[in-house]
1. How large are Rg and Dmax for the range 618-727 when only the alpha carbon atoms are used, in Å?
2. What share of Cα pairs, in percent, lie more than 23 angstrom apart in the range 744-834?
3. Which translational diffusion coefficient, to the nearest whole µm²/s, is obtained for the range 669-802 from the Stokes-Einstein equation, given a Kirkwood hydrodynamic radius over C-alpha pairs, 4 °C and 1.567 mPa s?
4. Summing Lys, Arg as +1 and Asp, Glu as -1, what charge do residues with Cβ under 13 Å from the Cβ of T360 carry, T360 excluded?
5. Can you tell me the equivalent ellipsoid semi-axes for the range 563-676? Use √(5λ) from the Cα gyration tensor, largest first, whole Å.
6. If Lys and Arg each add +1 and Asp and Glu each add -1, what is the summed charge of the other residues whose beta carbon sits under 13 Å from the beta carbon of V227?
7. Give the span of the range 795-835's Cα atoms along each principal axis, as three whole-Å numbers ordered largest to smallest.
8. Checking a compactness column here: for the range 314-429, what do you get for Rg(Cα) / (2.2 N^0.38 Å), N being the number of residues?
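Where a number appears in this text, it was derived from the coordinates with a stated rule and is not lab data. From a predicted model like this one, the values you see are computed outputs, not experimental measurements. Here the Cβ positions follow ideal geometry from the backbone for every residue, glycine too, while neighbour counts run over all protein chains shown.
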Amino acid sequence: MPTAQGLAPEIKDCDDGSIIVQYKPSKSGTHEVQMSYEGSATEGSPFSCVVDEIGGAYVTAFGAGLVGGMSGQTQSFTITAKKGTLGDININIDGPTKTDYKRQDSGDRCDVKFMPMTPGAYNIDIKYKGKVIKGSPFVSKVSGEGRKRSQISLGNASEYALNVMEPDIVDLVGSIKGPKGNFEPCILKKSKDGHLCISSFSPKVAGDYKVQVYRDEKNIKGSPFPVTVHDNELAHASKVKISGALEKAIANESNVLNIDVSEAGYGGITVVIEGPHRSEVDYEEIGNRAFKCTYSPHEPGIYILNVRFADEHIKGSPFLLNVGGEPSGRLRETIEKEMVQAEPVKKGTKCEFLLKIPGTNPFDMEASVTDPSGTTELCEIMDEDDFHYRLNFTPHKEGLHTLSIKHKALHISGSPFQYSVGQLSSGGYHKVQVGGPGVEKGEVKKENHFNIYTREAGAGHLSCAIEGPSTPKMFLEQRPNGFLGLSYKVEKPGMYGIHVKFNDEHIPNSPFMVNIAPDSGLARTVTVHALKDRGLAVDKASTFTVSYNGAKGRLHAYLRTPSGGHEDCFVQEMDDGIYAIRYIPKENGVHYIDIKLDDHHIPDSPFAVMVGSAAADPAMVCANGEGLEHGKTGAKNKFTVRTAGAGSGFLALTIDGPSKVALSCKEVDDGYEFSYTPFSPGKYLISIKYGNINIAGSPYVSEITAPPGSGRKPSPVNEQSTMVVETVEKQPGQKSLARFKGDAGRVVVRGPGLKKAVPGRLQSFTVDVKDAGAAMLMVGMISPSGIAEPELLVKKNTKTEFTVSFKVQEVGDHTLVVKYGDEDIPGSPFILHAG
């Protein structure tokens, strides 16, 4: 309602599959109807309607047609008034072209339908008893045909920094106590300067708040943190300042929006562009809560720009964008197939797969299957024509199995796969898997291939569209047991989009953007020598050579890390046509080295290399728990990721859904237990990656419901929350040891003993770890002759301060090392000269 008091609507069942919702307004203005079914918001909810009082009676106008829609489609809205007075309602629609409407009066309800044929702004005038009703004229902003939606969330606008530095936040849990004494979870993150922050902070009332932050169910230092919110810090969408390309834009060029929320209070910004084609949207922070947002529509046309602050439209939003410029000339081809439900497989039944994996050597191929109890067996692999491989195995147990397919001991693209024995899983678009070189790179006038795995997705409609500078020629190869092969050939180089949908929903990571290179020509003659792909160590340089063999061009190489980063390799010419490439890995796990000659991949690029001995194997990781399937808003929903036997590496969790979620993690005996607290009901997509590869079964879809009277309004854009944990190697049945993580960079040392050493004299200095967290303090000292100093003592003075005393015997340079955890403190190692 226009005031804080709400209304209790009355729901009547019509006994024909429909309901009637009635309410009696007592004030004029905009009302919002929030509707949910079994805890999840219904499509279109919340619904807005404008109520006006004319002649002692209320008149209401509502419906999507008053806001906007698509040209060439029927739009509708409804007006309700006192029974018997519908004849006093007059409607006029004025827009870019003459638009007629049809109305149907029944009782106290007038239903209006119209079809705008041209994109643009349509003014809808509504009068009742000769008086313009509140909100009229309504401006309905109509975009071009088709409704592609591109979106971005500027979460930094809703951060509140707490006066504390925390080196590690994965195991922290936060909650906020409001001015009225109510508690609710909060999302914690680390700011760029290392401070602990509340993310998605959008207070609704002014007053004193308390933020409580726990680790292992105990308050961290300084908790609870007091936060005072004044009236001017509450979210006010009307105070957001925006300028730039709000009316006109150019297709395939960068159009700039400047957004300033410094005077608008705390709240998140969402930018959504809807229109006949997709748009690329990005942003950067350019000042104190000031942002530069860029967008680039793919094609000219009429688009709708929605800018919301704290879930409210800012002044002028939605904006009607007239996008000009030249068409991109991109061409599109689609291939479709109806997928039938796979037949259940019983234990003891022979299972068979057929895949095409170009660029592989059959002698380097291996496959294995892991049953639900963790037992792994090798599969039989038969080499067939044209890089086809036939895999056979016989499961001995019912349940979810994990199929791993490796080349040179590394997972191929798309592996590991999930395979149900016995009852099939519930399925869905998120269970479709895609992998192969054709979704990573390609070349003109050559067949580019990738595999599609749909068995676990169930029955449905599969469509694959490829669009780019030339029309692709596509071929779909049917294979047994839910595998499909897709090959395509294009005539022009450039960026191509591969759109894979199941039951009209994009599968995870679709569309796949693939850069199709021109004919590689002389790049095919380039060869690599002395590339070491095993036994590499973190922070140890590795070098190999590349021979041009008569080719000409510029060589470029970069390293892709397990955590998803990209780093350039050092390239140096050693002789005419011979180059050395050097890189230093910073992480354990599988890295990929891309080597290109004038933007063309050389043969076998990218090259996979293993860093460290205990590499992360995603096939040995599994996840389970109710939180992967369902949960409730405002509550901790839990699941466990088992990493025992899978080596060490980066475990990355991403949750996409109608709201951000509060994430926390704690170590357990066989892995890690994650808790997430969503704020809005709906479906959440949970992706779990190990070593930057999805584990079998990932992503999962969890249905979140809201208890009656709770839950926030879902965000108009898809919100994402992430957490990355660097795991330690675990063995099945192994008990976890307590682990401490401190920040060596925040240790402070002082005292005369750090400047120079005097033979035979006792000297000392102090170490203060007050702001460095919990870790082990280690002090060591070695003499010029390489012998450990005989007199070295560490004494604890207070809870966080230590005195280190030592006496040297030899003349010369002594090396003093001070570590906190596994890292040197600032200045360590210290070189002390004894004269």
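1. 13.7, 45
2. Tail of P(r) above 23 Å: 19 percent of Cα pairs.
3. Estimated diffusion coefficient is 62 µm²/s.
4. Overall, the nearby charge balance is -3.
5. Working from the Cα gyration tensor, I get semi-axes of 40, 17, 11 Å.
6. -1
7. The Cα atoms of the range 795-835 stretch 35, 22, 12 Å along their principal axes.
8. 1.62
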